[in-house]
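Novice: One structure, as structure tokens, below. Some questions next.
The values are calculated or read from the model by the stated rules, or taken from the named source; none is laboratory data. Because the structure is a prediction, the values reported are computed rather than measured. Cβ atoms come from the backbone with ideal geometry, glycine included; neighbour counts cover every protein chain shown.
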Ligand code: PGA
């Protein structure tokens with residue numbers, strides 16, 4: 001199964017969400033392409049709108065971009081995993097590099113959030129990835145394996161976890177597109193250590209229609225976690241098509 005999804009980050013009005021989700025529901029009225037698991041992670045404010053526009057039988061999984069590890073309490077500005085679940089989330093994105101860099105997320109808080117997410121029966125999308133300096137030093141594999149081990153400490157059963165490898169140097173408008181050779185060693189190591197124990201291992205960072213096919217061919221890549229290239233519905237549908245083509249080629 002190839003997982004193909006997008007986080008909208010801090011983008012999108014309710015009108016945008018309604019339009020995007022309505023068009024997605026129409027495009028997937030007969031189900032998702034065979035072998036492809038779509039997912040959308042809108043801002044939390046738009047989650048219920050997206051859920052309602054997709055409808056109860058949608059194959060699209062929804063998520064939130066962050067959630068606190070406590071179930072409730074005096075944590076101003078946060079939302080909890082049960083609150084996210086009630087609003088329609090099946091997935092919780094955890095440890096994106098923007099949250100680690102700008103909001104003080106650490107391996108320890110990432111671990112707490114992963115455990116809370118699993119405790120409530122949702123799936124963590126655990127984001128890991130190295131900086132340009134670590135990449136240049138040739139330490140990507142060690143760094144990423146360390147992040148995953150820390151995030152999954154004391155997790156007895158990681159089988160519901162989705163790992164997203166997103167090198168920081170490849171993310172966003174200042175990122176550079178990864179070549180398959182840049183990311184292959186990390187995927188080889190992740191697949192070797194975690195491939196049989198987690199749900200899927202995705203790649204994220206400047207994914208676009210021009211590099212998606214080659215990225216999906218890297219051994220160990222089970223899908224794509226996309227930002228900018230999926231912020232239009234046509235962009236997202238195009239990437240779902242590419243993934244469907246990749247599934248068909250392997251079959
Ligand atoms: P991008 O974002 O595709 O816009 O580079 C990826 C991400 O942050 O997950």
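Novice: Just to be sure I understand, how many residues within the stretch 51-78 are touching a residue at least 60 places away in the same chain (Cβ under 8 Å) and not in a strand (DSSP E or B)?
Specialist: Result for the stretch 51-78: 0.
Novice: Then there is this: Within the stretch 174-182, is there a residue that is modelled with pLDDT of 95 or more and under 16 Å from residue 40 (Cβ atoms)?
Specialist: No, the stretch 174-182 contains no residue that is modelled with pLDDT of 95 or more and under 16 Å from residue 40 (Cβ atoms).
Novice: Looking at (1) in contact (Cβ under 8 Å) with a residue 40 or more places away in the chain; (2) farther than 16 Å from residue 97 by Cα, which is the one condition that is false for residue 110?
Specialist: (2)
Novice: Just to be sure I understand, how many residues within the stretch 119-166 are assigned to a loop (DSSP other than H, G, I, E, B), under 14 Å from the mean Cα position of the chain (by Cα) and closer than 19 Å to residue 100 by Cβ?
Specialist: Total meeting the criteria: 3.
Novice: Kindly list the number of the only condition in (1) at positive phi; (2) over 15 Å from the mean Cα position of the chain (by Cα) that fails for residue 249.
Specialist: Residue 249 satisfies all of (1) at positive phi; (2) over 15 Å from the mean Cα position of the chain (by Cα) except (1).
Novice: Among the listed residues 246, 230, 178, identify the single one that is within 30 Å of residue 50 (Cα to Cα) and within 15 Å of the ligand (Cβ to nearest atom).
Specialist: Result of the check over 246, 230, 178: 230.
Novice: If a residue must be farther than 29 Å from residue 77 by Cβ and free of Cβ contacts under 8 Å to residues at least 40 places away in the same chain, how many such residues does the stretch 113-145 contain?
Specialist: Looking only at that region, the number is 9.
Novice: Look at residue 112 and say whether it is assigned to a helix (DSSP H, G or I), out of contact with any strand residue (DSSP E or B) (no Cβ under 6 Å at 6 or more places or on another chain) and over 29 Å from residue 247 (Cβ atoms).
Specialist: yes
Novice: Considering the stretch 79-102 alone, what residues qualify as being touching a residue at least 12 places away in the same chain (Cβ under 8 Å) and away from the ligand (no atom under 14 Å from the Cβ)?
Specialist: Result: 79, 80, 81, 82, 83, 84, 85, 87, 88, 89, 90, 92.
Novice: Filter the stretch 20-50 for residues that are assigned to a helix (DSSP H, G or I) and farther than 23 Å from residue 86 by Cβ; which is farthest from the chain's Cα centre (by Cα)?
Specialist: Once the filter is applied, the top-ranked residue is 26.
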